[in-house]
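The values are calculated or read from the model by the stated rules, or taken from the named source; none is laboratory data. Values in this document were obtained by computation on a predicted structure and should not be read as measured data. Every residue, glycine among them, receives a Cβ derived from its backbone with ideal geometry; neighbour counts consider all protein chains shown. With ligands, DNA and RNA removed, areas are computed over all heavy atoms of the protein, side chains included. Shrake-Rupley method; radii C 1.70, N 1.55, O 1.52, S 1.80 Å.
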Amino acid sequence: MKEKKQSDISILLGYAGKYKILTFIGLGLSAIAMLLGMVPYICVWLVARDLIKVAPDWTVAGEVSRYGWMAFIFSVAGILVYFAALMCTHLAAFRTASNIRKQGMAHLMKAPLGFFDSNASGLLRNRLDGAASETETLLAHNLADIVGSIVMFLGMIILMFVFDWRMGSACLMSAVISIFAMFTMMGGKNAELMKEYQAAQDTMSKAGTEYVRGIPVVKVFQQTVYSFRAFKQAIEEYSSKAEQYAVDTCSIPQSVNLTFTEGAFIFLVPVALILAPAALRNGTFAVFVTNFAFYAVFSAIISTALARVMFATNGFMLASNAVSRFSQVMDAPVLEVVDDPKKPADNSVEFQNVSFTYDGADIPALNGVSFRIEPGETIALVGPSGGGKTTAASLIPRFWDATSGVVKVGGVDVRETDPHELMDQISFVFQDNHLFKASILENVRAAKPMASREEVMRALSAAQCDDIIEKLPEGVDTVIGTKGTYLSGGEQQRVALARAILKNAPIVVLDEATAFADPENETLIQKAFAALTKGHTVIMIAHRLSTVVNSDKIIVLDEGRIVEEGNHAELLKNNGMYAHMWGEYNKAAEWRIA
Ligand code: ADP
Ligand code: MG
């Protein structure tokens, strides 16, 4: 176990780069600071010795003030060296944390975009931030304290035996008992209980989240609190584990521990009483009293030293936490990039016998799909929900890579293109468009950072966003998501379309872009579509079949397979799935009119 912890720390130190040496310098300084900090205790002994030697004629003890100054100077020096140590460890720690963030981000940038669908970006950010800040705490503070505490503890043990080993042992005895008590709390069967306790805490917090999320459902459906039996049970389980751990496991050892750390002199006084008569007899009583005074003072800091060792071991836990969080981030799959990317010849898109199965799924989402779209053509993907439309669209900009078969853009396997160029060639508007918490202008400009304000305004206008901008307090510079300026689903969709229009990529992928549209929005969105798709290769996924009627080709996907393809008229003649969907769609449209 110890070895693994050690290697966690060295893994983290690996990210310090050149700054690693600063960590070691810092640790060395921290050890020196601890040793300097112990000198005052020796001074106490010297003062006691001199005073007792001249007692009761105190004025003769000339050296005493010198020892006093020495104690002061060494204390200050100890503090200064400790500051220097922390300076070094902090510099190294900040560099390490920033390298961890950078490398984590760099790795995530190489992950396929689809990865972020199933791995919430908030969670990834949490992991990366957590790893970085834990590393910071560990390398900046804990590690220096661990080294310092160990040096202090060893130094104390040596000092204890320097003056009088019998009284030293008496002090050490209480330390040993405290340590033993602490370990009984943590080791053996109690470690199991501690795990159960933590698991119960986890369960409770998850159940709590579920509970809060479920409140709207409870209100709407007039459920009672009994629907949250799981939450109640989790709380009860937690409280029983907590009580078990506190009362059954910790009460006795913790009392023992506190008694012996706070009362470290508990054995010292009896031992001194036993030794006193002999010291009196052979005339060494003065030294004996000096030693006693020293140990009485010294025993008080044993508890501090012990507590520090205990707290410092926390650092090992931090290290392994940080390493495991970071490795979760680094486990993200990486989009493979070839060394000599090929350039797509044109704006055609072709699927050759493409199959795709999501990680962990049993059945393929796409199964042997082949089709070809010529440059400038518009094709529509339709079919029942779950048929594989979104999946097919996601394979074109390499959100995922096909499990088997080939997706080609301009005659080149997308895996053999330069990912950046591929991204430049494709615009996509998906159902849930993410708008940043920034102004509308910046949100649109994200698609083309060099675009001028006029270009952005033109794109917004083409996307029929004029009415949105007009009603916002600061127009196009209004930051969305603040002060009650939220956009409706349809409005967000139009801003997303403006983004795609500004990007003006030759291949356009639209996934259910009309899904949010209310009747008013729909006409506007249709106009925005027209602006976006003119002269481009378009792959369109649409609920509303009215939008696909004019496509060059309609592909019907069901359960991952192409069941029909052709243009609107051909498919109606076929009288298959599409004709059926068309019938249903028209019925629904008539109802709406009625
Ligand atoms: P459509 O867009 O036609 O409604 P999708 O392409 O979204 O269909 O989904 C096709 C199949 O793949 C469905 O069975 C769906 O449950 C599954 N699926 C979609 N996205 C994921 C994902 N991220 N992980 C696992 N399975 C998924
Ligand atoms: Mg879909």
Looking only at residues that are charged (D, E, K, R) and under 28 Å from the mean Cα position of the chain (by Cα) in the stretch 408-443, which one is farthest from ligand 1 (Cβ to nearest atom)? GLU442
Meets criteria (open to solvent by 30 Å² or more (accessible area, probe 1.4 Å), part of a helix (DSSP H, G or I), within 21 Å of ALA31 (Cα to Cα) and of a type in the set (S, T, N, Q)) for SER98: no
For LEU108, only one of the following conditions fails: (1) open to solvent by 50 Å² or more (accessible area, probe 1.4 Å); (2) closer than 14 Å to ARG325 by Cβ. What is its number? (1)
In the stretch 402-412, what count of residues is obtained for those that are surrounded by fewer than 17 Cβ atoms within 10 Å (Cβ to Cβ) and assigned to a loop (DSSP other than H, G, I, E, B)? 2
Candidate set from the stretch 386-400 (those that are within 28 Å of the chain's Cα centre (by Cα) and closer than 19 Å to GLU565 by Cβ); member that is nearest to ligand 2 (Cβ to nearest atom): THR391
Run down GLY28, GLY37 and say which single residue is more than 19 Å from TRP69 (Cβ to Cβ) and open to solvent by less than 40 Å² (accessible area, probe 1.4 Å). GLY28
Return the residues of the stretch 413-469 that are away from ligand 2 (no atom under 16 Å from the Cβ), among the polar types (S, T, N, Q) and surrounded by fewer than 17 Cβ atoms within 10 Å (Cβ to Cβ); say none if nothing qualifies. SER452, SER461
Here are some conditions: (1) open to solvent by 60 Å² or more (accessible area, probe 1.4 Å); (2) touching a residue at least 12 places away in the same chain (Cβ under 8 Å); (3) over 30 Å from ALA97 (Cα atoms). HIS141 meets all but one. Which one does it not meet? (3)
Six or more apart or on different chains, Cβ under 7 Å: which pairs go from a residue in the stretch 262-283 that's free of Cβ contacts under 8 Å to residues at least 24 places away in the same chain and assigned by TED's automatic domain parsing to the domain that holds MET160 to one that's open to solvent by 70 Å² or more (accessible area, probe 1.4 Å) and part of a loop (DSSP other than H, G, I, E, B)? Could you list them? none
Go through the stretch 384-393 residue by residue and tally those that are at pLDDT below 90 and outside any loop (DSSP other than H, G, I, E, B). 0
Residues that are over 24 Å from LEU510 (Cα atoms): list the helices (runs of 4 or more DSSP H) wholly contained in the stretch 430-496 that include at least 2 such residues. 453-462, 466-471
Failed criterion for PRO397 (all others in (1) open to solvent by less than 50 Å² (accessible area, probe 1.4 Å); (2) more than 14 Å from ligand 1 (Cβ to nearest atom); (3) not in a loop (DSSP other than H, G, I, E, B) hold): (3)
Residues in the stretch 546-554: is at least one assigned to a helix (DSSP H, G or I), open to solvent by less than 50 Å² (accessible area, probe 1.4 Å) and touching a residue at least 12 places away in the same chain (Cβ under 8 Å)? yes
Criterion: at pLDDT 90 or above and within 16 Å of ligand 2 (Cβ to nearest atom) - qualifying residue of ALA361, ALA365: ALA365
Please work out which residue is surrounded by the fewest Cβ atoms within 10 Å (Cβ to Cβ), limiting yourself to the stretch 344-385 and to residues that are more than 30 Å from HIS580 (Cα to Cα) and within 37 Å of the chain's Cα centre (by Cα). GLY360
Per the filter on the stretch 111-123, residues open to solvent by 30 Å² or more (accessible area, probe 1.4 Å) and away from ligand 2 (no atom under 16 Å from the Cβ) are PHE116, ASN119, ALA120, SER121, GLY122, LEU123
Does MET581 satisfy being at negative phi, surrounded by 16 or more Cβ atoms within 10 Å (Cβ to Cβ), outside any strand (DSSP E or B) and within 16 Å of ligand 2 (Cβ to nearest atom)? yes
Test ASN353 against the criterion of being modelled with pLDDT of 90 or more and within 16 Å of ligand 1 (Cβ to nearest atom), and give yes or no. no
Expected output for the stretch 202-231 (first residue assigned by TED's automatic domain parsing to the domain that holds ALA242 and modelled with pLDDT under 80, partner among the hydroxyl-bearing types (Ser, Thr, Tyr) and not in a loop (DSSP other than H, G, I, E, B), Cβ below 7 Å, 6+ apart or cross-chain) is VAL218/SER227; PHE228/TYR211
